[in-house]
Structure formats: C-alpha cells, structure tokens
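The values are calculated or read from the model by the stated rules, or taken from the named source; none is laboratory data. Treat the numbers as computed from the prediction; the structure is a model and nothing was measured. Cβ placement follows ideal geometry from the backbone for every residue including glycine, while neighbour counts extend to all protein chains displayed.
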Amino acid sequence: MTLLKDKINYSKLPCHVAVIMDGNGRWARERGSHRIFGHQNGVKAVKETVEGAGELGIKYLTLYAFSKENWLRPHEEIEALMNLMVSTINSETETLIKNNVRLMVIGDMQNLPGYIVEKLNKVIERTCENSGLTLIIALSYGARWEIAQAARRISGDVVSGKLKAEEIDEATFSGYLLTRGIPDPELLIRTSGEFRLSNFLLWQLAYTEMIFSKTLWPDFRKEHLYKAIIDFQERERRFGKTSEQLKCD
Ligand code: FPP
C-alpha cells in the first residue's frame, strides 16, 4: 500500500502554506464540552502541522491563531486562549530550537497583553538564526487593518519625502505589509467545512490555491496536510494565462 506521504512530489512543494484553523468550538460541543476544551485539543493539531511541514521541507507556515475580531469573544475564552498560547510557547520552545524552526508573529501587538509580547519576543530572538521552517503565528491579526496601516505608513513616507507617490507599485506596497520579504502563500488550508477568508492575508492570497477540509481543527493530523499538498500538486496554476501558454513556458 502506498503511503499518502510517498505521493508527494518534493520538487513541487508549496513554499508557503497558510492555515485557517477552524472548528475547535464545534469539536468541543460534539463532546458536550466547553469551547476551551476544543482549543486545548487544537494544540495537538498545531504541533502535528508544524512538525509535518518542517519534515517535508516547507519553508514558511502561517497559522491564523487569533484574529482582531476574536477580541469580541467572551472574556473567559480570550483569557484561556492567551494562557494556552503562553503555555504552548513555554513547552515548545526547546523543540522549535531543536528542529531549527524560526518563529515570527504577525498582528497588532499593541492589543496583546504585555507578558505575551515579552514571551514571544524572547522566543523570536532565540530562533531568529534558525534556517529550517519559518513558523508565522497570526495573532491579533486582521488583513484590512494590516493594509490600512501599510497605507498610513506609505503616506507618511510620501509626506516626509522618503518615497515618491509614483514609486508606489505592488512590490513597494508589499514591502509595507507585516509579511515583507516572505513569499505569498501558495496553498491555503481552511478546516471545518467553512468557505471564508475571515480577514486573513487578503493581499497575500491573491493567487493562492485554496483547500477546504471538513475536518475540525483538533482532528487535523500530518495526513491531512499531506492530502492538501497532494491536491494542490494536482492543480494547474495559471496566474491569468491559458493552459496552452503554460505548456510553452
Ligand atoms: C477557531 O475555532 C480557532 C481559534 C480561534 C483558535 C486557534 C487556537 C489554537 C488552536 C490554540 C493554540 C495555538 C497556537 C498557535 C499555540 P473556533 O473557536 O472558531 O471554532 P468554531 O467555529 O467551531 O466555534
């Protein structure tokens, strides 16, 4: 029997995979438990995905852990999620270092409690020289906010004379986003059978292939990642061209 992993074409790996981890609440409800139980079990799926991506040789993995809109959730859920982030970072730091993973965070850090920012910055600093997988956690992140703050900083640079208005093109704009220097995701996975982008990487996902999985996030395992990559590799990415043109490229 051929293993799913053996069907992956390593010369056609997506360089950057982004994941909308969804379905923790429903997973818990199905078990008659509180939503927080779902988030706790979601950590296992995070570990599997990070490990799986690293083992395959994927260069960038972005996980949508907490959106700007998630601040509207009940206070006790937010607090539990923040505690879960800190305890996971604490327990996983050495494994990240051992596995040569570089940690990055994108989002509105000003909204996050100081103790979390401090903790994150320490791990970011400790892993900044690592050359394996770059793990990007989107925390207190919203794409419209990211685009608006980029526009604000661009206009500031135009007013101060650092940048000319006519120099603003797609590449310049990308350089003002939090993902500057990081290639756009080639593959987006959203779990739990929902078909939405939920304000995630709206600029960066312009040409991304999207895979929607029915699996609820706490059940997501390496095999689900492999399956998404295999599906991605079977697709033809045309970037606006025709199939015939691609054959000549
Ligand atoms: C969405 O499920 C999930 C989240 C808002 C949180 C994801 C966070 C984790 C998995 C915790 C740990 C993360 C890291 C990076 C250490 P939902 O609550 O919206 O589920 P529902 O749609 O079924 O209600």
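Keeping to the range 31-54, report how many residues are without any contact (Cβ under 8 Å) to a residue 60 or more places away in the chain, near the ligand (Cβ under 10 Å from one of its atoms) and of a type outside the set (K, R).
The qualifying residues number 5.
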Task: Test: residue in the range 95-114 that is among the β-branched types (V, I, T), surrounded by fewer than 17 Cβ atoms within 10 Å (Cβ to Cβ) and either farther than 10 Å from L139 by Cβ or within 12 Å of the ligand (Cβ to nearest atom) (or both) - done: yes
- [ ] May I ask you to list the residues in the range 220-242 that are in contact (Cβ under 8 Å) with a residue 40 or more places away in the chain and in contact with a helix residue (DSSP H, G or I) (Cβ under 7 Å, 6 or more places away or on another chain)?
- [x] F220, R221, K222, E223, L225, Y226, K227, I230, Q233
- [ ] Please enumerate the residues belonging to the range 197-249 that are modelled with pLDDT of 95 or more, surrounded by fewer than 16 Cβ atoms within 10 Å (Cβ to Cβ) and assigned to a helix (DSSP H, G or I).
- [x] E223, I230, D231
TODO: Can you give me the number of residues within the range 157-215 that are among the β-branched types (V, I, T) and under 15 Å from the mean Cα position of the chain (by Cα)?
DONE: 6
TODO: State which residue pairs qualify: first residue farther than 21 Å from R235 by Cα and inside the range 188-203, second residue within 14 Å of the ligand (Cβ to nearest atom) and hydroxyl-bearing (S, T, Y) in any location, beta carbons under 7 Å apart, and separation of 6 or more residues or different chains.
DONE: S198/S67; N199/S67; F200/Y64
- [ ] Among the residues of the range 193-249, write down those that are of a type in the set (F, W, Y), within 16 Å of the ligand (Cβ to nearest atom) and closer than 24 Å to R180 by Cα.
- [x] F200
Open item on the list: Step by step: first the residues of the range 2-30, then only those that are within 11 Å of the ligand (Cβ to nearest atom) and within 29 Å of G57 (Cα to Cα), then the one that is surrounded by the most Cβ atoms within 10 Å (Cβ to Cβ). Which residue is that?
Closed with: V19
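Please work out if K59 is touching a strand residue (DSSP E or B) at 6+ places or on another chain (Cβ under 7 Å) and away from the ligand (no atom under 13 Å from the Cβ). Give the steps one after another, and end with the answer.
On the way: touching a strand residue (DSSP E or B) at 6+ places or on another chain (Cβ under 7 Å): yes; away from the ligand (no atom under 13 Å from the Cβ): yes.
Judged against the criteria, K59 is a match.
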TODO: Run N70 past the list (1) over 18 Å from Y141 (Cα atoms); (2) surrounded by fewer than 18 Cβ atoms within 10 Å (Cβ to Cβ); (3) among the polar types (S, T, N, Q) and report the number of the one that doesn't hold.
DONE: (1)
- [ ] Specify which of the listed residues (S155, S91) is surrounded by fewer than 18 Cβ atoms within 10 Å (Cβ to Cβ), of a type in the set (S, T, Y), farther than 23 Å from A18 by Cβ and more than 12 Å from the ligand (Cβ to nearest atom).
- [x] S155
TODO: For the range 62-85, enumerate the residues that are near the ligand (Cβ under 10 Å from one of its atoms), touching a residue at least 60 places away in the same chain (Cβ under 8 Å) and charged (D, E, K, R).
DONE: E69
- [ ] Quick one: count up the residues across the range 170-199 that are of a type in the set (F, W, Y) and touching a helix residue (DSSP H, G or I) at 6+ places or on another chain (Cβ under 6 Å).
- [x] 1
